[in-house]
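Presented below is the structure to which this report refers.
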Amino acid sequence: MLITESHIDVPTQAGGDMRIFIFHPKIEGYPSAKFPGIVVFSEIYQVTGPVARFCRQIAAHGYICAAPSSYHEFTSSDALAYDVPGTDAGNAWKIEKTLSGYDEDATLSVDALLGLPTCTGRIGTTGMCLGGHLAYRCAFDKRVSASVCYFATDVHSGTLGKGGDDSLARTKEIKGEVVMIFGKKDTHIPPAGRDLIRKTLQDAGVTFSFYENSFAQHAFIRDELSKGRYDPAVAGICFQMLLELFGRVLRSDLGPAEGVAEPEHVC
């Protein structure tokens, strides 16, 4: 499937215009084709080359991707470099930005997708690192039906944004289906933190899948400057999990949900 790329600049109350990069599928001969929308949240470096390629991969399967630049209060929409100054700036702004600012970004991004005449009205979200956490919070929006969160940082510790976050406490607000993906060697989200997230989702009654790869580290899906952590085989498996969820939930008309019977215990 072909892809067109553009951007829109959206005014925010938090400060500055937020640039949203749009990756739109295109089918020759069908100018009025409609597609589900996906909000793709980036890591602390904003919309870098690896994030853009991730968006193109998703868009190529028939989804409109909207990737917001998170740090419009502090800098331009340009991506930060994968170096020490870029990392330091991204980590500093991650904490300095207000939680309400993050949530406004998510709302405006969903609004932008729903405002496109080519969007079906079905919305999902995904993201990595900081973006994994933002995808988790975006799932609080009742318009979001499916979420895939890659190695979401700070969820277990409640340390996102100025003054910290309430993401775990709000987990019951998630009405869509969620996939949480981690590497067991990820030092950013330790075993106790992953266990806490899983238990919170379970206790909240959220429909979710939880995948931990034995050998993956943090940033294992980043195909550039991942400090030796990029694992294309595992990244490919996880991408199939994303496609399964988005395809089943966003591309199908499942009708209203009903109670699902407990699985029968058979040998």
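The values are calculated or read from the model by the stated rules, or taken from the named source; none is laboratory data. Since this is a predicted model, take the numbers as computed values, not measurements. Cβ: placed from backbone, ideal geometry, glycine included. Neighbour counts: every protein chain shown.
Looking at Ala52, Ala67, Ala33, Ala79, can you tell me which residue is over 20 Å from the mean Cα position of the chain (by Cα) and not charged (D, E, K, R)?
Ala33
Given the criterion within 17 Å of the chain's Cα centre (by Cα), more than 23 Å from Phe239 (Cα to Cα) and of a type outside the set (Val, Ile, Thr), identify the matching residue among Ala112, Ala89.
The conditions single out Ala112.
Please go through (1) in contact with a Leu (Cβ under 7 Å, 6 or more places away or on another chain); (2) under 25 Å from Phe54 (Cα atoms); (3) not hydroxyl-bearing (Ser, Thr, Tyr) for Gly158 and return the number of the only condition it doesn't satisfy.
(2)
Of all residues in region 151-173 being within 21 Å of Glu96 (Cα to Cα) and β-branched (Val, Ile, Thr), which is surrounded by the fewest Cβ atoms within 10 Å (Cβ to Cβ)?
Looking at residues that are within 21 Å of Glu96 (Cα to Cα) and β-branched (Val, Ile, Thr), I get Thr159.
Tell me which of these Gly29 doesn't satisfy, since it passes every other one: (1) buried (at least 21 other Cβ atoms within 10 Å of the Cβ); (2) under 20 Å from Thr118 (Cα atoms).
Only one criterion in (1) buried (at least 21 other Cβ atoms within 10 Å of the Cβ); (2) under 20 Å from Thr118 (Cα atoms) is unmet by Gly29, namely (1).
If you take the residues of region 115-140 that are under 12 Å from the mean Cα position of the chain (by Cα) and among the hydrophobic types (A, V, I, L, M, F, W, C), which of them is nearest to Tyr30 (Cα to Cα)?
Ile123
Taking the criterion of being of a type in the set (Val, Ile, Thr) and touching a helix residue (DSSP H, G or I) at 6+ places or on another chain (Cβ under 6 Å), would at least one residue in region 179-194 satisfy it?
yes
Among the candidates Ile64, Ile8, Ile38, single out the residue that is at pLDDT 95 or above and in contact with a Pro (Cβ under 8 Å, 6 or more places away or on another chain).
Being at pLDDT 95 or above and in contact with a Pro (Cβ under 8 Å, 6 or more places away or on another chain) holds for just one of Ile64, Ile8, Ile38, which is Ile64.
Considering only residues that are part of a loop (DSSP other than H, G, I, E, B), free of Cβ contacts under 8 Å to residues at least 60 places away in the same chain and crowded, with 17+ Cβ neighbours inside 10 Å, which ones fall in region 174-203?
Result: Ile174, Asp186, His188, Ile189.
Taking Phe220 and the conditions (1) surrounded by fewer than 16 Cβ atoms within 10 Å (Cβ to Cβ); (2) assigned to a loop (DSSP other than H, G, I, E, B), which numbered condition does it fall short on, given that it satisfies the others?
Condition (1) is where Phe220 drops out.
Filtering region 67-125 down to residues that are of a type in the set (Ser, Thr, Tyr) and either assigned to a strand (DSSP E or B) or at positive phi (or both), which residue is surrounded by the most Cβ atoms within 10 Å (Cβ to Cβ)?
By that ranking, first place goes to Thr125.
Picking from Asp154, Asp141, Asp166, which residue would you name as being charged (D, E, K, R), on the phi > 0 side of the Ramachandran plot and in a loop (DSSP other than H, G, I, E, B)? Quick ask: steps written out before the conclusion?
Numbers: Asp141 fails: on the phi > 0 side of the Ramachandran plot; Asp166 fails: on the phi > 0 side of the Ramachandran plot.
Unique residue meeting the criteria: Asp154.
Would you pick out the residues in region 230-250 that are farther than 14 Å from Tyr150 by Cα and more than 17 Å from the chain's Cα centre (by Cα)?
Pro232, Ala233, Arg248
On the basis of being modelled with pLDDT of 95 or more and within 22 Å of Arg19 (Cβ to Cβ), does Gly131 make the cut?
yes
Does Ala59 satisfy the criteria of being touching a His at 6+ places or on another chain (Cβ under 7 Å), closer than 13 Å to Ile3 by Cβ, in contact (Cβ under 8 Å) with a residue 12 or more places away in the chain and among the hydrophobic types (A, V, I, L, M, F, W, C)?
yes
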